[in-house]
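Take this structure, written in structure tokens, and hold onto it; I'll ask about it next.
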Amino acid sequence: MSLIDLKNISFGYPNCGLVLSNLDFKVDEGEKIALLGGNGAGKTTLFYIILGLLSPFSGEVELFGKRCITEKDFSGPRKRIGLLFQDPDDQLFSPSVIEDVSFGPLNLGMNRKEALEISRYWLERLGILHLEKRVPYELSGGEKKLVALASVLSMGPDVLLLDEPMAGLEKRAVERFLSVLKDESFKAFVVITHMPRFLEGEITRTLFLERGRLSPVRSC
Ligand SMILES: Nc1ncnc2c1ncn2[C@@H]1O[C@H](COP(=O)(O)OP(=O)(O)OP(=O)(O)O)[C@@H](O)[C@H]1O
Ligand SMILES: [Mg+2]
């Protein structure tokens, strides 16, 4: 059974042609995938299709072995697949960083103490515990990205879908991020990036999205 299995997916936005065209995409346990492609190729769109945030014109989405069509079908898998949005402003909405990061764990049923503990653990691990009382929308771009990443990780996802996690990060922050990918045991992850060299050694497969379809890349 694949963790993610997309078959024959086609999708386009109103007034623009097909962005994804008869696309197949399978993610199996243990896979660490880099997803490359030009600006506007459809990478972010693909993540939205996987999680049911957009509905394909045709094709099938199967998550953890179950066909997903309705909102209800996607709600369980969304708790297990952590999505880091390309734009952290789409992810952050609370009046303080700690509230943002603990929102997910509280939602999953943890008590306040546990939720704060796990949130502080990830803030510390990403080197941003000092930001815990700050207002998210006042943070810098890189700081916001790290807070959004902490909020994804604090939910303990099995699978990560990370949309340009390293964009705008300083070297030390990139290193902290890579150490999370290396040391934590996620069932699988997919990282959209324009900086594939940073991921060398951390990935098992590289894919390139072009003209609506994915193709393998031998080396990046
Ligand atoms: N809400 C929208 N309405 C209309 N068109 C959209 C919308 N979102 C994206 N598009 C278009 O769909 C195409 C794919 O966009 P998408 O954001 O998936 O690309 P991407 O591969 O993530 O690009 P980037 O590397 O720049 O983030 C682009 O041509 C974009 O202009
Ligand atoms: Mg994108």
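Restricting the range 65-85 to residues that are within 19 Å of residue 123 (Cα to Cα) and either in a loop (DSSP other than H, G, I, E, B) or among the aliphatic types (A, V, I, L, M) (or both), which is nearest to ligand 1 (Cβ to nearest atom)?
Top of the filtered list is 85.
Take the range 20-41 and flag every residue that is assigned to a loop (DSSP other than H, G, I, E, B), under 17 Å from residue 208 (Cα atoms) and touching a Lys or Arg at 6+ places or on another chain (Cβ under 7 Å).
If the condition is that a residue be assigned to a loop (DSSP other than H, G, I, E, B), under 17 Å from residue 208 (Cα atoms) and touching a Lys or Arg at 6+ places or on another chain (Cβ under 7 Å), then 31 is the only one that fits.
If a residue must be away from ligand 2 (no atom under 16 Å from the Cβ) and more than 9 Å from the chain's Cα centre (by Cα), how many such residues does the range 151-168 contain?
7
Identify, by number, the condition in (1) buried (at least 18 other Cβ atoms within 10 Å of the Cβ); (2) more than 16 Å from ligand 2 (Cβ to nearest atom); (3) charged (D, E, K, R) that residue 43 doesn't meet.
If we test residue 43 against (1) buried (at least 18 other Cβ atoms within 10 Å of the Cβ); (2) more than 16 Å from ligand 2 (Cβ to nearest atom); (3) charged (D, E, K, R), just (2) comes out false.
Here's something else I'd like to know. Please work out if residue 83 is within 16 Å of ligand 2 (Cβ to nearest atom) and touching a residue at least 40 places away in the same chain (Cβ under 8 Å).
Answer is yes for this residue.
Do we find that residue 165 is of a type outside the set (Asp, Glu), under 21 Å from residue 107 (Cβ atoms) and in contact (Cβ under 8 Å) with a residue 24 or more places away in the chain in this structure?
no
Separate question: Residues of the range 26-60 being of a type in the set (Val, Ile, Thr) and within 16 Å of ligand 1 (Cβ to nearest atom), which ones?
If the condition is that a residue be of a type in the set (Val, Ile, Thr) and within 16 Å of ligand 1 (Cβ to nearest atom), then 33, 44, 45, 49, 50 are the ones that fit.
In the range 1-26, which residues are over 19 Å from the mean Cα position of the chain (by Cα), within 19 Å of residue 83 (Cβ to Cβ) and away from ligand 2 (no atom under 16 Å from the Cβ)?
9, the sole residue that qualifies.
How many residues are surrounded by fewer than 18 Cβ atoms within 10 Å (Cβ to Cβ) and either charged (D, E, K, R) or within 15 Å of residue 190 (Cβ to Cβ) (or both) when one looks only at the range 65-77?
Count: 5.
For residue 17, are the conditions met, namely being at pLDDT 95 or above and either in contact with a Lys or Arg (Cβ under 6 Å, 6 or more places away or on another chain) or among the small types (Gly, Ala, Ser) (or both)?
no
Now for a separate question. Which residues, counting only those in the range 42-60, are touching a residue at least 40 places away in the same chain (Cβ under 8 Å) and either in a helix (DSSP H, G or I) or within 20 Å of residue 91 (Cβ to Cβ) (or both)?
Across the range 42-60, the qualifying residues are 43, 44, 46, 47, 49, 50, 51, 54.
Considering each of 133, 144, 171 in turn, give the residue that is within 16 Å of the chain's Cα centre (by Cα) and at pLDDT 95 or above.
Answer to the check: 144.
The values are calculated or read from the model by the stated rules, or taken from the named source; none is laboratory data. Remember, it's a predicted structure, so these values are computed and weren't measured experimentally. We place every Cβ from the backbone using ideal geometry, glycine too, and count neighbours over all the protein chains shown.
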